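Asks: Okay, handing you the structure first.
What follows is calculated from the coordinates using simple rules that are stated; it is not laboratory data. Worth saying up front: this structure is predicted, and the values here are computed from it rather than measured. Don't worry about glycine lacking a Cβ; one is built from the backbone with ideal geometry, like all the others, and counts go over all protein chains shown.
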Amino acid sequence: MSQFITLNTIIGNGKSYQVPIYQRDYSWDKDDWEDLWNDIAEIPSDRTHYLGYLVLQPIKDGEESFWIIDGQQRLTTLSILALAITALLYKWTKDSIDAEDNKIRFEKITERYLGNYSLSKLSLDPKLKLNRNNDDYYKSWLLKLRTPSTLSKLKPSQKLLQKAFNYFFGELQEKYKTNKSGADLANFLERTIGNGIVFTQIVVNNDLDAFKVFETLNARGVKLSTADLLKNYLFKLTHELGELDLDEAERRWQNITNTILSNDLTTFIRHFWNCKYKLERQPTLFKAIKREINSAELAFDFLNELEEASNYYSAFNNPNDELWDKEEKASLKLIDLLNVTTCYSLMLSTLKYLPRAEFKVLIKELGVIAFRYNLSDLNPNEAERVFSKVANEVASKNINSAKEAILGLKSIYVIDENFEQVFSTLSINTKRKKDLVKYILVKFENQISNKDYQPEEAIATIEHILPENPGSIWEEAFPVEIQEDYIYRLGNYSLLEASINNKLDNNVTFADKLMRYKTSGYKLSNEYCNYEKFTSKEISLRQDKMARIAKGIWKSAYIVSVL
């Protein structure tokens with residue numbers, strides 16, 4: 001159920017809110033506080049300020065207490081702002097500014113927005129309870145308006161809580177510097193902030209409903225992390241065993257997060273899941289995990305496996321990582337160059353369930369299969385389905401060698417005839433994929449000249465025979481209206497030493513270029529450009545010849561390429 005709701009309604013009628021102890025710490029910083037403060041300043045003219053979705057889950061049926069599934073950063077910050085207002089009222093009371101009335105306002109605002117006093121008024125039962133890293137500081141220091149002598153010994157999130165309080169207290173002092181009116185300050189909280197800040201409140205019944213809501217919000221462009229929800233679910237399971245087990249789960253999750261770094265955490269979890277279980281897309285991933293991982297013991301096993309896999313996964317797109325030997329690096333460089341991740345599930349499965357030597361064989365073949373498939377611009381979803389299916393077979397011991405796995409990929413191996421046809425008309429823009437073009441050209445040079453250049457080590461530059469920005473001298477052979485169709489054709493590329501290339505410009509004729517090409521040490525230039533003239537016909541002829549050779553360069557050692 002969803003509805004628009006004001007802050008005053010959210011905190012009213014004895015309602016209380018709790019951040020699950022396993023959710024992330026407070027993380028808003030000065031930019032966020034300033035944005036909120038500036039937005040509040042506009043409420044008198046705009047009437048309201050919409051603060052997004054608030055996703056809640058009842059803690060117990062029949063009670064007005066809720067888990068905050070999404071919205072803890074905003075509710076915590078608004079609570080701190082209310083605290084800063086009570087602190088200013090308390091200061092004015094101590095300064096004998098309308099002391100009696102401001103004391104009453106201080107108590108009423110505290111009870112309405114922050115919590116209920118005990119009978120002795122020595123403690124406050126807060127309306128908001130934070131996670132375990134932040135709640136003690138929130139209750140022991142902020143709610144009691146105590147300020148630590150130094151921030152240096154606080155945890156990062158605790159520092160942010162205190163700095164948020166200091167920020168809002170400073171802004172409030174400045175706002176009411178010449179008007180120390182408790183009535184106006186109370187109205188600012190109740191009418192401007194309390195009635196002016198509006199949420200869309202969504203109440204869900206369980207974790208699965210929460211996930212469905214998250215997916216809906218993601219579809220609307222609201223940035224929410226599926227990985228956060230998965231983490232919360234796993235932590236909830238491990239917490240059933242006790243605090244120490246939750247601590248251990250947190251450490252392992254942090255290790256995984258630290259290892260994955262720049263990779264997307266949810267994508268990693270999905271690839272790992274698909275290496276062992278039936279293929280899941282992101283919208284169905286949480287439901288699948290929840291179905292299989294339903295106890296604390298299974299949650300720990302899952303975290304253990306994730307942690308183990310994360311080391312390899314983080315190195316998949318870092319071919320120079322020390323995890324890989326020379327041959328593995330060469331294969332991974334091609335996979336990374338193609339920006340292919342759909343095969344990661346199979347790579348993870350092979351590393352876990354087969355000997356390392358089999359992994360080496362597999363990834364060499366994956367490079368070939370992915371090269372043919374991607375250059376043919378075929379559906380990556382279909383490739384991922386096949387990769388995951390074979391990965392599952394490896395995990396279940398139905399496939400016991402790299403050769404068997406490779407043969408299982410036959411359906412996505414583009415046969416010679418089709419690959420040659422695709423290659424013969426292929427265009428690759430060097431402005432976007434320069435490294436890929438150079439890789440292809442270096443592999444060609446190695447094939448036709450029996451060399452072993454490495455693409456990243458080759459001193460050659462990419463030469464556009466028809467220049468990228470052709471001068472008028474080229475318009476007879478390539479009219480302006482067709483130039484764009486041929487500039488980035490593979491048949492228009494060659495390798496050329498920088499010392500030669502630097503002497504060529506956009507108005508050099510092909511005949512003059514050819515004289516320079518003949519002095520090159522690269523056969524792609526000194527033999528494979530040997531034409532009397534260079535037109536669209538020669539580009540096509542040259543690329544047809546390259547396509548025939550390409551079949552032998554990027555060829556599976558195991559899959560027979562026949563119709």
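Asks: Counting other Cβ atoms within 10 Å of each Cβ, which trypsin sites (Lys or Arg not before Pro) in region 370-436 have at most 10 and sit in a DSSP loop?
Replies: Listed in order of number, the matching sites are Lys397.
Asks: Sticking with this one: Given DSSP loops and a limit of at most 15 other Cβ atoms within 10 Å, what is the longest stretch of the chain that contains no such GluC sites (Glu not before Pro)?
Replies: So the longest stretch without any such site is 65-239.
Asks: Quick check on region 317-414: take the gyration tensor over C-alpha atoms, sort the square-rooted eigenvalues as a ≥ b ≥ c, and tell me if it's rounded (a/c under 1.5), prolate or oblate.
Replies: oblate
Asks: Return the long-range amide H neighbours of Ile69 (sequence gap of 5 or more, or a different chain), with a cut-off of under 5 Å between placed amide H atoms.
Replies: Sorted by chain and number, the residues that satisfy this are Val55, Leu56, Gln57.
Asks: Share of antiparallel DSSP beta bridges in the chain, in percent to the nearest 5?
Replies: Among the beta bridges of the chain, antiparallel pairing accounts for roughly 60 percent.
Asks: Enter the angle in degrees (range 0 to 90, nearest 10) between the Cα long axis of helix 536-553 and the first principal axis of the Cα atoms of the chain, meaning the one along which they spread out most.
Replies: Computed tilt is about 80 degrees.
Asks: A further question on this structure: Of [x] 20, 53, 23, 3, 0; [y] 20, 45, 25, 9, 1; [z] 17, 35, 27, 18, 3, 0, which is the value of P(r) over Cα pairs in 20 Å bins from 0, in percent derived from the coordinates here?
Replies: Label [z] holds the value from this structure.
Asks: Which whole-Hz couplings ³J(HN,Hα) result when phi for each residue of region 291-304 is put into the Karplus expression 6.51 cos²θ - 1.76 cosθ + 1.60, θ = phi - 60°, listed in order with x for Gly and Pro?
Replies: 5, 8, 9, 10, 8, 4, 4, 5, 5, 5, 4, 5, 4, 4
Asks: For Lys518, which aspartates and glutamates qualify as cross-link partners when the Cα separation must be under 19 Å and same-chain residues fewer than eight apart are set aside?
Replies: Output for Lys518: Glu445, Glu463, Glu497, Asp505, Glu527, Glu532, Glu538.
Asks: According to the square roots a ≥ b ≥ c of the eigenvalues of the Cα gyration tensor, what is the shape class of region 318-374, taking rounded for a/c under 1.5, prolate for a/b larger than b/c otherwise, and oblate for the remainder?
Replies: In terms of gyration-tensor shape, oblate.
Asks: Return the long-range amide H neighbours of Gly521 (sequence gap of 5 or more, or a different chain), with a cut-off of under 5 Å between placed amide H atoms.
Replies: The answer is Glu497.
Asks: Starting at the first residue of region 73-84, write each ³J(HN,Hα) from the Karplus equation 6.51 cos²θ - 1.76 cosθ + 1.60 with θ = phi - 60°, in whole Hz, x for Gly and Pro.
Replies: These are the phi-based 3J(HN,Hα) values: 5, 6, 5, 5, 5, 5, 5, 5, 5, 4, 4, 5 Hz.
Asks: On a straight-distance basis, which aspartates and glutamates could pair with Lys443 in a cross-link, Cα separation under 15 angstrom, same-chain partners fewer than 8 positions away excluded?
Replies: Asp435, Asp452, Glu456, Glu457
Asks: Quick one: which residues, 5+ away or cross-chain, put their amide H under 5 Å from the amide H of Gly52? H built at 1.01 Å from N.
Replies: Distant-sequence amide H within range of Gly52: Thr200.
Asks: Nearest 20 debye, what's the magnitude of the dipole of the chain about its Cα centre given +1 on Lys and Arg Cβ and -1 on Asp and Glu Cβ?
Replies: Charge dipole, the chain, about its Cα centre: 380 debye, nearest 20.
Asks: As I understand it, the dipole of the chain uses +1 on the Cβ of Lys and Arg and -1 on the Cβ of Asp and Glu, about the Cα centre. Which of Asn311, Ala477, Pro380 lies farthest toward its positive end?
Replies: Highest projection toward the positive end goes to Asn311.
Asks: Go through Lys108/Lys159; Lys333/Lys533; Lys127/Lys287; Lys433/Lys551 and tell me which ones have a Cα-Cα distance over 30 Å in this structure.
Replies: Result: Lys333/Lys533; Lys127/Lys287 exceed 30 Å.
Asks: Can you bin region 57-165 into rounded, prolate or oblate? Criterion: square roots of the alpha carbon gyration tensor eigenvalues sorted a ≥ b ≥ c, rounded for a/c under 1.5, prolate for a/b above b/c, oblate for the rest.
Replies: oblate
Asks: Rounded to the nearest 500, what is the chain's calculated 222 nm mean residue ellipticity when only DSSP H runs of at least 4 contribute -39500 (n - 2.57) each, over all residues?
Replies: -16500 deg cm²/dmol
Asks: Find, among the trypsin sites (Lys or Arg not before Pro) in region 436-480, those assigned to loop by DSSP (not H, G, I, E, B) with at most 14 other beta-carbon atoms within 10 angstrom.
Replies: The qualifying sites are Lys451.
Asks: Whole-Hz Karplus ³J(HN,Hα) for region 170-187, in order, using 6.51 cos²θ - 1.76 cosθ + 1.60 and θ = phi - 60°, x for Gly and Pro?
Replies: 3J(HN,Hα) across region 170-187, in whole Hz: x, 5, 5, 4, 5, 5, 10, 4, 9, 9, 7, 9, x, 5, 5, 5, 5, 5.
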